[in-house]
Amino acid sequence: MQKKIRIAIDGPAASGKSTTARLLSKKLGYLYIDTGAMYRAATLAVLRAGIDVNDEQAVERCVRENKITLRIKNGEQRTYLNDEDVSDLIRTPEINNVISIISSYPKVRQILIEQQRALAKEGGIVMDGRDIGTVVLPDAELKVFLVAGLEERARRRQKDLEKQGIHLSLEEIKEEIARRDKLDSERDMSPLRKAPDARELDTTNLTVEQQVEIIYNWAQEILKARE
Ligand code: DC
């Protein structure tokens, strides 16, 4: 039997990683692992506990004490904080505002990275994030780095937020995305960076279907070469 591979998809905020990774995993019959959702759930736990996000030790303790899991419900991946489904609560501007601080703490990353590696152990996964190809799964069989122009990324994010009833101007969204990219790229531990052996894909002028198709074909090439 053909061995299932591991696909790492990294890239800046709103570059289309989650949509692409989710659809690609369905097409391949693989499991989708959204690592951003894990950092988001950790951030929600910290905010709910009323902890000062600059208090690194208190944040670490909080993340260690809360159980963050990804589970499949009705064929869709959902994010749980302890036993509560928080999937819809973790995509808010309040979380976006502080998540880069929380995800810059080495011990917080260590806790979540261990869980991510355990989830990927058997292969047959598409994992998206910032450091998947560089740190979490440096030996993934296929690594993709998605990029897209800031203007286009802001437009996509605005559409997603509108669906949740959150109305922000394009300018506000552009600022938030650019700020988060800067913080995510400049942190010391596993910054947002393209792995040297990652294939870069610029999605500015691609439809979601096109970007999924391109990565799917790359995956097929790798699977064929391994037969
Ligand atoms: O992919 P996303 O926008 O849901 O990610 C939210 C934040 O989580 C992102 O700004 C940085 C952090 N993150 C990270 O540091 N490492 C990952 N592998 C995934 C996300």
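The values are calculated or read from the model by the stated rules, or taken from the named source; none is laboratory data. Every value quoted in this text rests on a predicted model; they were computed, and no experiment measured them. Here the Cβ positions follow ideal geometry from the backbone for every residue, glycine too, while neighbour counts run over all protein chains shown. Protein only, heavy atoms only, side chains kept; ligands, DNA and RNA dropped before computing areas. Shrake-Rupley method; radii C 1.70, N 1.55, O 1.52, S 1.80 Å.
Here is how the number arises for the chain: DSSP H runs of 4 or more residues each give -39500 (n - 2.57), the sum is divided by the residue count, and the result at 222 nm is -15500 deg cm²/dmol.
Rolling a 1.4 Å probe across the protein heavy atoms gives the range 13-138 an accessible surface of 43 Å² per residue. Shape class for the range 128-227: oblate, because the ratio a/c of the largest to smallest gyration tensor axis (alpha-carbon atoms, square roots of eigenvalues) is 1.5 or more and b/c is at least a/b.
Give me the angle, in degrees from 0 to 90, between the Cα long axis of helix 170-186 and the longest principal axis of the Cα atoms of the chain, rounded to the nearest 10. For helix 170-186, the angle is close to 80 degrees. The ASN66 and GLU221 beta-carbon pair, evaluated with R₀ = 45 Å, returns a calculated FRET efficiency of approximately 0.65.
Annotation: THR35 carries an accessible surface of approximately 0 Å², with a 1.4 Å probe and no ligand, DNA or RNA atoms counted. Pairs exceeding 24 Å between alpha-carbon atoms, taken from LYS17/LYS143; LYS17/LYS182; LYS73/LYS194: LYS73/LYS194. Helix 93-102 and the longest principal axis of the C-alpha atoms of the chain enclose an angle of approximately 80°.
Once the chain from GLU209 to ASP139 is taken as fully extended at 0.36 nm per residue, the excess over their C-alpha distance is 22.5 nm. Site pair LYS26 and ASP88 shows an inter-label distance of 1.9 nm when each label is modelled 7 Å from Cα along Cα→Cβ.
Exposure check, 1.4 Å probe, all protein chains in place: GLU175 carries approximately 130 Å² of accessible surface. Among the trypsin sites (Lys or Arg not before Pro) within the range 1-98, those in coil by DSSP and having at most 13 neighbouring Cβ atoms inside 10 Å are LYS3, LYS67. By a straight-distance test (C-alpha under 19 Å), which lysines pair with LYS67 as possible cross-link partners, with residues fewer than eight away in the same chain excluded? LYS67 reaches LYS107. Going by Cα centres, the range 53-90 and the range 145-224 are how many Å apart? Each part's Cα centre sits 23 Å from the other's. Evaluating kT/(6 pi eta Rh) at 20 °C and 1.002 mPa s, with the Kirkwood radius of the chain over Cα pairs in the Stokes-Einstein relation, gives 120 µm² s⁻¹. Of all DSSP-defined beta bridges confined to the chain, some 30% are antiparallel rather than parallel.
Relative to the longest principal axis of the Cα atoms of the chain, helix 106-120 runs at roughly 30 degrees.
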